[in-house]
Structures are given as structure tokens and as C-alpha cells.
Amino acid sequence: MTPYSIKNILVTTDLSELSAVAFEQASVLALLTGANVHLIHVVEDASKRSSKTSEKRGASSYRIREASLKRKMQKFLTEQGIDHKSLRLIVRRGHPHLEVLRYTREAKIDLVIIATHGRTGFAHMLMGSIAEKIVRLSPVPVLTVKPKAFVDELITQDDVEWDLHIHHS
């Protein structure tokens, strides 16, 4: 049996500060493993084109939008203080979870890192969860990263002490 190695890490981004947290995790792992980091942004494609002319026009429009989104990704990374020159920036069009899974297979990704909003209950049911779909369907391990504010609210020092059975009388 060969040891598991991480050569390619895929980070999903919606260009929010939350996805920057996922990228921080990927950066640390990439430094430790020497892995390549791929950053993917998926544009949800709700339109269905039928004619060849529309498809050609749509493809041209998509290439222009893809270039624009890559510039936005570079700007986002620069604003977050992240060197993006060694990253592979990917823009896809389609259903986010399907495109992430498709790219995972195509690029031989070893680990997917995705930020979650930390929604639960009714908000989770209403919004659905791209992260949940990726976790359930991914052929490779998925690391989910919650926002720091969510974790801070969720886990307190008292919770840790209680779990460790450190009770103060």
C-alpha cells in the first residue's frame, strides 16, 4: 500500500472573506506538503441556450467573463495579502458542486478545502449546502473550514473545560 500524499489542493472561493480562511488552511498544507494550490470559482449558469449562434455568442461572452473573474480573483487575493502568482486560478460555469467535483477528477486533486457558512437548521434547509454536497460526493477527502466568528460563538473556554472534565468548584 502506498502512502497517501497531497500533491494538488483545490480551494473553492466565492470571493468572500470566508473563502480567504479556507485559502489560509490550504497555504499551510501546501507549505508542509509541497502541493500545488488550485483556486476555483464557479459561476452558476441558469441560462439554457439552444441555437448554435447563441452558443457561439455565449462561449465568447463566457471567455470575456472568465478573464474578468480571474482578474477579480487576483485582486481578491492581493487584498487578502496572498501571493497568487504560483496558484492555478480556475473559473467554471455550471452548478457549483458539480463543477468542483468535475475539476477534482480532471486535475487529479488530492484534497478539497471549502469554507462553510456554519448555517444550521432552517437556514441550512432553505439555502441548501454546496459544501455538504461536495463532502458527500467527493472522491477525495474534503476539509471544511468554518468562519472564526462562528467557531468563537460555538466553542467557549467553559465548553473545552467541561469536555476535558476540568470542573472548578
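Observations on the model:
- Test: residue in the stretch 111-123 that is surrounded by 11 or more Cβ atoms within 10 Å (Cβ to Cβ), modelled with pLDDT of 65 or more and farther than 21 Å from residue 38 by Cβ: yes
- Residue 72 vs. criteria at pLDDT 85 or above, over 15 Å from the mean Cα position of the chain (by Cα) and not acidic (Asp, Glu): yes
- Tally of residues being modelled with pLDDT of 85 or more and farther than 28 Å from residue 133 by Cα across the stretch 55-69: 1
- A count restricted to the stretch 22-54 and to residues that are under 18 Å from residue 86 (Cα atoms) and either modelled with pLDDT under 85 or of a type outside the set (Gly, Ala, Ser) (or both) stands at 14.
Yes/no per residue for (1) part of a loop (DSSP other than H, G, I, E, B); (2) in contact with a Gly (Cβ under 9 Å, 6 or more places away or on another chain); (3) modelled with pLDDT under 95:
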site: 78; (1), (2), (3): no, no, yes
site: 86; (1), (2), (3): yes, no, yes
site: 100; (1), (2), (3): no, no, no
site: 108; (1), (2), (3): yes, no, no
site: 126; (1), (2), (3): no, no, yes
site: 152; (1), (2), (3): no, no, yes
site: 161; (1), (2), (3): no, no, yes
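- Close pairs (7 angstrom Cβ cut-off, 6 or more residues apart or separate chains): without any contact (Cβ under 8 Å) to a residue 60 or more places away in the chain and among the small types (Gly, Ala, Ser) in the stretch 84-110, surrounded by 15 or more Cβ atoms within 10 Å (Cβ to Cβ) and part of a helix (DSSP H, G or I) anywhere: none
- In the stretch 27-44, residue surrounded by the most Cβ atoms within 10 Å (Cβ to Cβ) [restricted to those that are touching a Leu at 6+ places or on another chain (Cβ under 8 Å) and either touching a residue at least 60 places away in the same chain (Cβ under 8 Å) or of a type in the set (D, E, K, R) (or both)]: 40
The values are calculated or read from the model by the stated rules, or taken from the named source; none is laboratory data. As the structure is a prediction and not an experimental result, all values here were calculated from the model. Reconstructed Cβ throughout: ideal geometry from the backbone, glycine too, with neighbour counts over all protein chains shown.
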